[in-house]
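Structure record follows, encoded as structure tokens.
Quick note: the coordinates plus some simple rules give every number you see, no bench work behind them. This one's a predicted model, so the numbers in the text were calculated from it and none came from an experiment. In this analysis, Cβ positions are derived from the backbone assuming ideal geometry, glycine residues included, and neighbour counts consider all displayed protein chains.
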Amino acid sequence: MRKKSTALFLALILILSLAGCGTDNQDSIYAQPENWAYLESEKSAPADVFFLCPTVYSGGEDSFNMPLDDEAAKSDFLGATNMEKGIYEENCRFFAPYYRQAGLNVYELPASEREPYLAAAYEDAKDAFLYYLEHYNEGQPIILAGFSQGADLCIRLLKDCFAQEEVNDLLVACYAIGWSITQEELTEYPHLRFASGEDDTGVIISFNSEAEEVTDSLLIPAGTRTLAINPLNWTTDGTPAEKGENLGACFTDYGGTIVTEVPQLTGAYIDPVRGALKVPDVSPEEYPPGLSIFSEGVYHLYDYQFFYRNLQENVAVRLDAYLAQQAAA
């Protein structure tokens, strides 16, 4: 009874703090279950995952954001979500909203022209997150997670909605895989912290995989540097991890089933200049970029797959660390 009362009190504090996030979601589309790919509100678990799907919508000549009534696109959206769900779902409730994601064609535009379409995607992501906080969270610890465009939106949510201490205190970690974040952004938003090891909490975990010879990409343009943590040895410097430290690369289908698992597929190290995660033991011929927006040697599509088991283990480690901290408080 005391635990339930505490959760309700925390929920009330969260509702009061939402005003600082600047959105009135009383008429939110996320009141409708059909606008969620996953809505595990009835499940009992010690923590929640709020997950934002990567880009699956190609776009068209006059279409730059995924329509929420496009059933074929929503099917791909659900499938892409399933591909990563297995990393996060153990001991967690899973929440994943459909949103008007920017199409792949948006990333073919000059960078200065992309923002209106990404802003529309973020409007939905924020709406869904605020609805989740107000109606479903009840003081539960939160793992914020995404891939690619979904990781971009996670970082935007952190900047926008986690400045409130009551919300930020719920953050187990943010897995913003396949997107860049800079030291300048951390300076501008001092409530953001980048991970420094395997079990720190309230932090951002991010990396971008590429071949050793790559010097420029859509995600890390030449002359820029992103922050990164190595998912094999959980260091942020250039200390290399040998492929023996890779617990298993897993290649999943749209149902989330692991079709192929390869232990010790590759090692990795962080490039001190670019901040990219260099992957030395595979080749671009074996793992082509798959999308025209990426050049040869950019392993973006494999960010989760190359390091699947290590990421899965790390989610559990950080959640255990967070729950232990709460128990000791």
Check your understanding: Where is the GNM fluctuation largest for the chain (alpha-carbon springs, 10 angstrom cutoff): Arg193, Arg114, Arg100?
Key -> Arg114
Revision key, fill the gap. Kirkwood radius from Cα pairs of the stretch 244-320 plugged into Stokes-Einstein at 37 °C, 0.692 mPa s, gives D in µm²/s equal to 242 µm²/s
Practice item. Could you rank the peptides 246-257, 172-183 by their average count of other C-beta atoms within 10 Å per residue, with the highest value first? Key: 172-183, 246-257
Review point. Which net charge results for the neighbourhood of Glu166, defined as the other residues with beta-carbon distances under 14 angstrom from its beta-carbon, given Lys and Arg at +1 and Asp and Glu at -1?
Key: -4
**Study point:** Candidates Gly79, Gly297, Gly60, ranked by Gaussian network fluctuation over the chain, Cα under 10 Å, top entry
**Key:** Gly60
Exercise for review: List the residues whose amide H sits under 5 Å from the amide H of Asp200, counting only those 5 or more places along or on another chain, with H placed 1.01 Å from N in the peptide plane.
Suggested key: none
Exercise for review: Beta carbons within 10 angstrom, averaged per residue: use that to sort the peptides 277-284, 61-68, highest first.
Suggested key: 277-284, 61-68
Exercise for review: Give a residue-ordered list of calculated ³J(HN,Hα) values for the stretch 251-256 (Karplus: 6.51 cos²θ - 1.76 cosθ + 1.60, θ = phi - 60°; whole Hz; x for Gly, Pro).
Suggested key: 10, 10, 9, 5, x, x
Review point. Can you list the residues, at least 5 places off or on another chain, whose amide H is less than 5 Å from the amide H of Leu171, using H built in the peptide plane?
Key: Ile142
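If you restrict to DSSP beta bridges whose two residues both lie in the stretch 26-328, what percentage is antiparallel, to the nearest 5?
Details: 13 of 34 bridges.
Antiparallel: roughly 40 percent of the beta bridges in the stretch 26-328.
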**Study point:** Unit charges on C-beta of K, R, D, E only; dipole of the chain, Debye
**Key:** 900 debye
Check your understanding: Going out from 0 in 20 Å bins, what whole percent of all Cα-Cα distances in the chain drops into each bin?
Key -> 33, 60, 7
Check your understanding: Quick one: Glu84, Glu90, fewest Cβ neighbours within 10 Å first, how do they rank?
Key -> Glu90, Glu84
**Study point:** Vicinal HN-Hα couplings computed from phi for the stretch 130-143 (Karplus, 6.51 cos²θ - 1.76 cosθ + 1.60; Hz; Gly/Pro x)
**Key:** 5, 5, 4, 4, 6, 10, 10, 5, 6, x, 6, x, 10, 9
Practice item. Please name which of Ala249, Gly86, Gln325 has its Cα lying farthest along the dipole of the chain towards the positive end, using unit charges on Cβ (Lys, Arg +1; Asp, Glu -1) and the Cα centre as origin. Key: Gln325
